[in-house]
Structures are given as C-alpha cells and as structure tokens.
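Below: the structure, in structure tokens.
The values are calculated or read from the model by the stated rules, or taken from the named source; none is laboratory data. None of the values given here were measured: they were computed from a predicted structure. Every residue, glycine among them, receives a Cβ derived from its backbone with ideal geometry; neighbour counts consider all protein chains shown. These area figures cover heavy atoms from the full protein model, side chains too; ligands, DNA and RNA do not enter into them. Shrake-Rupley method; radii C 1.70, N 1.55, O 1.52, S 1.80 Å.
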Amino acid sequence: MARKALAGLVPAIAVALVATGCGNTNNVSSGPGGGSSSVSGADFGHQICGRTGDNKPGFPAPFPPLPDGAKTLSGAGSTFVAPMMSYWTKTYSQATGVQVAYQSIGSGGGVAQIQAGTVDFGQSDTGMTPAEQAEAKGPVLQIPLLLGAVVPTYHLSGVKSGLKFTGDVLGKIYAGKIKTWNDPALTALNPGVKLPKEPIAVVHRSDGSGTTSLWTEYLSKESPTWVSTLGGPSESKGKTVAWPVGIGGKGNEGVSGQINQTEGALGFLELHYVLAQNSTYGQVQNKAGRFIQPCVATVTQAVNGITFPANLNTSLTDSADPNAYPIAGTSYALFYRNQKDAAKGTALVDFFSWVLSKGQDLNASLNYAPLGKNLQKLAVDQLKQVTINGKPAVT
Amino acid sequence: MTPLADTPATRRRVRARWRDTDTVFRYAVRAAAALVVVVLVATAVFLVAQAWPALRHYGILSFLSSDRWAPSEATTTARHPNPYGIVQFVYGTAVTSLIAMVLAVPVAVAVSLYLTEVAPGWLRKPLSGLVDLLAAIPSVVYGFWGIFALIPAVRPAGVWLSRTLGSAPGIGPVFAGPFFGVSYLVAGLVLAIMILPIITAICREVFATVPTADKESALALGATRWEMLRMAVLPRSRSGITGAAVLGLGRAVGETIAVTMVIGNSVLSITKSILGPGATMSSVIANEFTESTEPFHLQSLMVVGAWLLVIALIVNTVGKLIVRRTGEDIA
C-alpha cells in the first residue's frame, strides 16, 4: 500500500515542479515585443486592437534629470503593477544607477506602509480614502502610473476566445442567478457559438485585491441583480466582497490556475496574465453598447472623456468612449507631498518623472496601457507639487 | 597524561570542576526547556492580544454563533450582527479532518499490521522507511499533487456521486453538485495521505508492544493468523489506535497550504455538500491576512487563529493522553 502510494507521488512531484515554473509571473515580463497580441483562431470581429500607434506615446521628459538624488529608493504595494514595476526599475537603474526596491505585498499593504512611513512610496490600485489620508503623516500625492484591464476568462473545450458578455450577464453569473453555460441570456449574446449544458464554475479572488475592486465596481454599475444580491451598492464593490457563489483562488495566479484546471470555469484576471497564459477570454459590452476586446489600444481609450478631480482619484470603469474597454483602471504611486529627506525627495521626483515619460513606452510590452495624453499631463502636474522641506522640488 | 593521585585534595578539585560544568549544563538545558513553554504561552498571549479588539467589539461568543463571514460588511461602529461568523470554518476543519480520519485510519492500521506481523523480515525496515517518507513530502507539494493529479482522477467519481446521490432523499444535500474538483472531499483525501504516516508510525509501535507470549498462545490454540491478530493484537491496541487516530487528527486540523490549494476557498457561509467548495480555519487565515484591510478584519482572523490553537491543543493533548495510557496498560 505504502509503496503504491509513493509510486503515485513521484510523477505528481514532477508535475508540480513543472507547474511552478509555468505559474511564475516572471514569464510574463519577456521583454518588449508583446504588444496587443491577437489569439489565433479567436473570434473578436473587427476591433481596433491591431492599432499600435498609441503603444509608445513618446512623452517628453517633464523636467531635466535631477542630480544629487539618493542612490536607493524603496516602494511597496500593489501586486497588479509588480511585473511592470520590476521592468521599469530595472531599465531605470541601468540608465541612472539608482536602485528602486519594490516589494509586491498588495495594495492594502502599500497604503499601510506609506501611512507608517516605512517606505519611500506606496502603490495602490485604489486611491486612498479620506479616512486613510487622515491616518497618514501629512498630505499624500496619488500619481497614476499606467492603465490595466480586468478580463473575463474561461475554460470551455471547443469554445474560442471572443465570447460576448454584458455587465448584467456577468453580474447574474457572479450572483449565482445564471448557472449554466447554455443559459438563454448567454446563447442570445453569442449566436452561432455552441455553448454546452455544463454548470459554470465561477472563480473569484480569495484575497482582497485591486483586481476585485475594478471587477465589482463594473458589475455594480451594470448589473442591478448583482447589487441587490450583495445587499446594496456599498456592499457590492470593493477589494473584498461577500461572494455568493464560486471557488476562490489566491492572487491572479491562483485564479488563473483554477480556471486552467476546471472545465466550465469562468473567472476574472488582469490582462497580462490572460495573454501570458494563453487563456481564452471574452469581450465585454461597453457603455456605447459595443463589444470590446481587451487590449492595450482599447484600454487606453478608457480615460477619454473622464473628468478627473484634483487628486486624480476616480473610477475608470464603464467609459463612454465607443472604443473603450469597460473594465479598466489604474494604479497609484503614493508618497508624501512634502519630502523631509532632500536626497530621497529628489530621487523620487526623478524616478517618477522618468516613469511618466520614457517609462510609458515600455508599458505595452507587458500588456499594460500607457496613460493617455490628458492623464499623463495631470500626473506630471501632481509630481510638480512635491516640495522638499517646504521648497518646490522642481521649478 | 599521568593519572591524578587519589588524595582528598584532588577529589575535591575534580568534584568542584564537575559541579561547575554541571551547573552550566543544567542552566542551559533548563533554559532550552523553558523556551518551549515561553514560546507556547507567548503565542497564545499574542493571538489573544491581537484578537482582543475584535473580541471586545463583537463579543467573544458572537464569533461562534454565526456562519456568515463577510468582511466587506464590517464597519468600525456596528456591533451586531457580527460579520465575522466562523462556524463554517470550524465545520470545514471538522469535515475535512473527519473524511481524512475515516479514510486514513483503516489503511494505517492495515499497513502497520502488515509491517509488524505479516511482512517478511527483510521488507519491514525499507517499507517502514517509505511510509515515514510520506511525512517528509512538503505540504505545498501535496497541494500541487491534489490539483494536478488527484482532482482530475476523482472528477468522474465526484460528478457521478453528485448525479446519483445528490438528489437522494435525506443524504442528498451532503452530495449535492455541481462538482468542480476543489471541495471538502478532495481536501479530505489529500489530508488522509498526509496523516497516514503519523498514524502508521504510532500504530506500529503500539502493535509491537503486544507480548509475543500472547500472540504465540493464540497461535498455539489453533488460531489462524487473522484470528490471532483479531483476538490477541487488536483488542490490546484499541486505545493505542484511538490515540494514534487523534494525533493524526491533530495534524489534519492545523494543515494549511495543501488544504488551501484544493478546498475552493468559499468563505461566505456553510457549504453543506462535501462535493462543494468550502474553507477551513487555517485556509481562511492563509488567504486573507495579507489584504485584511476591512475594520476588525485582521483581528477577526486572529480570533480564528486563537480558536484553532485551542482546538489543536485539545486534540493533541487528548491524543497524547490516550497513547500514554495505553503504554501504561500494556506495561
């Protein structure tokens, strides 16, 4: 018996080792060239995703390089930007010799760390609430660094990428009201696609996350069923919600693994995970009523027509632009407006002015979108507010 | 080196030196032993201290009187109802551990009987070693094995169970589908394999304490080998087997990573079906502590941790007591 059990385990270990390799997020950052890839055989119809003009916006440097900065910076927070951050920091340090150490501990941790002042900058996928601001040691600037998308991803044998979803249908699926793939609501959206009579294995995050926040914010805007099932508009969105049905996976990699392993699964993932794992994913109806394939080009459109408040903290989901992918969001760098350490403050401003200019050209290679022109300008304006012991860091 | 002269003076000197080294040694081991106690007490104190804000806010018993865990509904002011009910986690821990026990104990008893009574002598040592090796496989590897090997293997059986028993009267809800793989059942299966070595190891020792005279008398009276095991070995070992099972339970109760990977992490309320996704006390902590940003969220996870510690301590103490009593009975 024991021998038999052991014999069964040996191949299992081999499988597990292979699997850890595949799950490694570093594979995502395979350098430039990815861009807006189209999955072969996918059925997306006519989309603007082939358009790559916006991928390298070529923003000019807002200020000349600042000398005399510190040689090291520390940051912590969002896992969503972690692959991009490591690409930025690597490239930046090759150019300037300044080392930026970033710990991917989650957005909640990023906020907590900047409140405590244990890092030079925090990073969060949602802006800080006034209550969170009040707990910090002074006014905190929130600077958007990139745009990303959350994508419905599924595992159905024989069904290609490009399945059409509306926010209401996704909301009903996540509320447990639509239970099978051949539900009339789904077949009506996807004529010509043979959807099986299988139950939908709903997959969601088991940990709190900015990804969840974007996804549930979109569902809350589009699906009254989702809002009423969750018990109201304040319960139906956020980094954690009380998922009524489904399987939980920890992190994007956990959700991705669960989808890959489960026939009939439907989950939500960051765009770069979907493309890196070659998963099959859907298109989502936007406010203009069009079904939009998620890609760098359509995500970039999400900021069109949005009026930003002074602190830039606003929702980017459900954009009115006819070409915008509706489940888009950003991630904010958080740091104190007044820097007490001159060398650190100078280095921070220099690093983020690089990220907001040259750095933006790298985004598309990891399937993040660069900030649109307007948002980039607003972000630079925020950076200009930094003071060092009361004096402006740049003039 | 010349031997010391046997005079009262040298004797005193040698004794004094022994006394000094003895004292140092005694203090060193005493400190090491005290450290164990300190760590245990400090862990408990730490958990309760961290959990205290939530315990005070919601009331100690309110955690155990609700099966709804919805951190997003927590606010800094509302006390009632407690959004951090933990009954479903206690339930998940109990169900997965029970499935593991039901599957692992008979197999472990059979394996140990084979190893102590039936297997040829040359095979006993290597085979015991192999069983012990099961305990050396890291938990996370069991998790991977569960996901990539076990779930695809049991999926047809699970789907069949949910279709046949799922609508049966009475027991229907326990086997209700749909079955997607990750579930209490699979978590129980993985745990069963993980606790097999510890139960086997203790059973082996228990069976080895049965006096040879007893076994030989049974055989001399014409008993077959099976009758000898049934009449001479098993009755004497009953409480030892129980103790082994309880110690296995202690391992199953606290197991985290492998369970988290295969249980499906559905935390909102009790999932009745063993084919459905659920959560255990340890899995919810592993999943949520990194982003526990809601009011009293982290503190409530500490409450779960504190209860888990209490349960684990009770289970392990009971197991140890039973095993020790068996030892005395036999001696």
Answer residue from the stretch B:48-74, given it is among the charged types (D, E, K, R) and out of contact with any Ser or Thr (no Cβ under 7 Å at 6 or more places or on another chain) and is surrounded by the fewest Cβ atoms within 10 Å (Cβ to Cβ) among those:
B:Arg56
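Given the structure, is B:Thr317 assigned to a helix (DSSP H, G or I), surrounded by fewer than 24 Cβ atoms within 10 Å (Cβ to Cβ) and either within 14 Å of chain A (Cβ to nearest Cβ) or of a type in the set (Phe, Trp, Tyr) (or both)? Before the answer, list the steps.
On the way: assigned to a helix (DSSP H, G or I): yes; surrounded by fewer than 24 Cβ atoms within 10 Å (Cβ to Cβ): yes; either within 14 Å of chain A (Cβ to nearest Cβ) or of a type in the set (Phe, Trp, Tyr) (or both): no.
It is false that B:Thr317 is assigned to a helix (DSSP H, G or I), surrounded by fewer than 24 Cβ atoms within 10 Å (Cβ to Cβ) and either within 14 Å of chain A (Cβ to nearest Cβ) or of a type in the set (Phe, Trp, Tyr) (or both).
Checking the condition in a loop (DSSP other than H, G, I, E, B), open to solvent by 20 Å² or more (accessible area, probe 1.4 Å), basic (Lys, Arg) and more than 11 Å from every other protein chain (Cβ to nearest Cβ), which residue from A:Lys194, A:Lys221 passes?
A:Lys194
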What residue, of B:Leu55, B:Leu40, is in a helix (DSSP H, G or I) and in contact (Cβ under 8 Å) with a residue 60 or more places away in the chain?
B:Leu55
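Condition first: part of a helix (DSSP H, G or I), open to solvent by 10 Å² or more (accessible area, probe 1.4 Å) and either more than 12 Å from chain B (Cβ to nearest Cβ) or at positive phi (or both). Can you find one or more residues in the stretch A:236-247 that meet it? Explain how you work it out, then say what you get.
Looking only at the stretch A:236-247, we keep the residues that are part of a helix (DSSP H, G or I), and these are none.
Taking every residue of the stretch A:236-247 in turn, none turns out to be part of a helix (DSSP H, G or I), open to solvent by 10 Å² or more (accessible area, probe 1.4 Å) and either more than 12 Å from chain B (Cβ to nearest Cβ) or at positive phi (or both).
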In the stretch B:109-140, which residues are surrounded by fewer than 18 Cβ atoms within 10 Å (Cβ to Cβ) and within 30 Å of A:Gln261 (Cβ to Cβ)?
B:Leu130, B:Leu133, B:Ala135, B:Ala136, B:Pro138, B:Ser139, B:Val140
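Filter the stretch B:58-73 for residues that are outside any helix (DSSP H, G or I) and over 26 Å from the mean Cα position of the chain (by Cα) and give the result.
As a first pass, look at the stretch B:58-73 and keep what is outside any helix (DSSP H, G or I): B:59-60, B:66-70.
The answer is B:Gly59, B:Ala70.
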Can you find a residue in the stretch B:92-107 that is of a type in the set (A, V, I, L, M), out of contact with any His (no Cβ under 6 Å at 6 or more places or on another chain), buried (at least 20 other Cβ atoms within 10 Å of the Cβ) and within 13 Å of another protein chain (Cβ to nearest Cβ)?
yes
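Starting from residues that are at the interface with another protein chain (Cβ under 9 Å from one of its Cβ atoms) and in contact (Cβ under 8 Å) with a residue 12 or more places away in the chain, keep the ones in the stretch B:270-290 and report whichever is nearest to the chain's Cα centre (by Cα).
Our first condition is that a residue be at the interface with another protein chain (Cβ under 9 Å from one of its Cβ atoms); within the stretch B:270-290, this holds for B:277, B:279, B:283-284, B:286-290.
Right, trim to in contact (Cβ under 8 Å) with a residue 12 or more places away in the chain and you get B:277, B:279, B:283-284, B:286-289.
On the way: B:Pro277: 21, B:Ala279: 16, B:Ser283: 14, B:Val284: 17, B:Ala286: 17, B:Asn287: 20, B:Glu288: 22, B:Phe289: 22 Å.
For the stretch B:270-290, the residue satisfying everything is B:Ser283.
Mind checking which helices (runs of 4 or more DSSP H) fall wholly inside the stretch A:76-177 and carry at least 1 residues that are open to solvent by less than 30 Å² (accessible area, probe 1.4 Å), at pLDDT 90 or above and not assigned by TED's automatic domain parsing to the domain that holds A:Leu271?
Details: elements: A:82-96, A:107-116, A:130-134, A:167-174.
Hits in the stretch A:76-177: A:82-96, A:107-116.
Do the conditions hold for B:Thr77, that is, is it touching a residue at least 24 places away in the same chain (Cβ under 8 Å) and either open to solvent by less than 10 Å² (accessible area, probe 1.4 Å) or more than 24 Å from B:Pro277 (Cα to Cα) (or both)?
Spelling it out, it is not the case that B:Thr77 is touching a residue at least 24 places away in the same chain (Cβ under 8 Å) and either open to solvent by less than 10 Å² (accessible area, probe 1.4 Å) or more than 24 Å from B:Pro277 (Cα to Cα) (or both).
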Would you mind stating whether B:Leu115 is within 13 Å of another protein chain (Cβ to nearest Cβ) and over 28 Å from B:Thr224 (Cβ atoms)?
no
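The rows are residues; the columns are (1) in contact with a Lys or Arg (Cβ under 8 Å, 6 or more places away or on another chain); (2) at pLDDT below 90; (3) closer than 22 Å to B:Asp132 by Cβ.
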| position | (1), (2), (3) |
| --- | --- |
| B:Met231 | no, yes, no |
| B:Ser239 | yes, yes, no |
| B:Ile263 | no, no, no |
| B:Ala279 | no, no, no |
| B:Pro295 | no, yes, no |
| B:Leu301 | no, no, no |
| B:Leu309 | no, no, no |
| B:Gly327 | no, yes, yes |
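Just to be sure before I move on: is A:Asn367 polar (S, T, N, Q) and assigned by TED's automatic domain parsing to the domain that holds A:Lys90 in the structure I sent?
Numbers: polar (S, T, N, Q): yes; assigned by TED's automatic domain parsing to the domain that holds A:Lys90: yes.
Yes; evaluated as a whole, the condition is true for this residue.
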Look through A:Asn311, A:Asn278, A:Asn252 and report the one residue that is away from every other protein chain (no Cβ under 14 Å), touching a strand residue (DSSP E or B) at 6+ places or on another chain (Cβ under 9 Å) and touching a residue at least 60 places away in the same chain (Cβ under 8 Å).
A:Asn311
Looking at the stretch B:274-303 only, could you name the residues that are open to solvent by 10 Å² or more (accessible area, probe 1.4 Å), within 18 Å of B:Ala78 (Cα to Cα) and assigned to a helix (DSSP H, G or I)?
B:Leu298, B:Gln299
What's the number of the only condition in (1) away from every other protein chain (no Cβ under 11 Å); (2) in contact (Cβ under 8 Å) with a residue 12 or more places away in the chain that B:Pro156 fails to meet?
(2)
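Could you list, in sequence order, all residues of the stretch B:141-175 that are among the small types (Gly, Ala, Ser) and open to solvent by less than 30 Å² (accessible area, probe 1.4 Å)?
Initially, the stretch B:141-175 is screened for residues among the small types (Gly, Ala, Ser), giving B:143, B:146, B:149, B:153, B:157-158, B:162, B:166-168, B:170, B:172.
The answer is B:Gly143, B:Gly146, B:Gly158, B:Ser162, B:Gly166, B:Ala168, B:Gly172.
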Looking only at residues that are open to solvent by 10 Å² or more (accessible area, probe 1.4 Å) and aliphatic (A, V, I, L, M) in the stretch B:176-190, which one is farthest from B:Leu98 (Cα to Cα)?
B:Ala176
Quick one: is B:Val318 in contact with a helix residue (DSSP H, G or I) (Cβ under 6 Å, 6 or more places away or on another chain) and over 22 Å from B:Ser62 (Cβ atoms)?
yes
Considering only residues that are part of a helix (DSSP H, G or I) and within 14 Å of another protein chain (Cβ to nearest Cβ), look in the stretch B:159-175 and name the one that is nearest to A:Glu263 (Cα to Cα).
B:Val159
What is the one condition in (1) more than 25 Å from A:Thr317 (Cβ to Cβ); (2) away from chain B (no Cβ under 12 Å); (3) without any contact (Cβ under 8 Å) to a residue 24 or more places away in the chain that A:Ala185 does not satisfy?
(1)
Those residues of the stretch B:266-302 that are of a type in the set (Val, Ile, Thr) and under 18 Å from B:Pro81 (Cβ atoms) come to a total of 2
Selection status of B:Ile193, open to solvent by 20 Å² or more (accessible area, probe 1.4 Å) and either part of a loop (DSSP other than H, G, I, E, B) or in contact with a Phe, Trp or Tyr (Cβ under 9 Å, 6 or more places away or on another chain) (or both):
yes
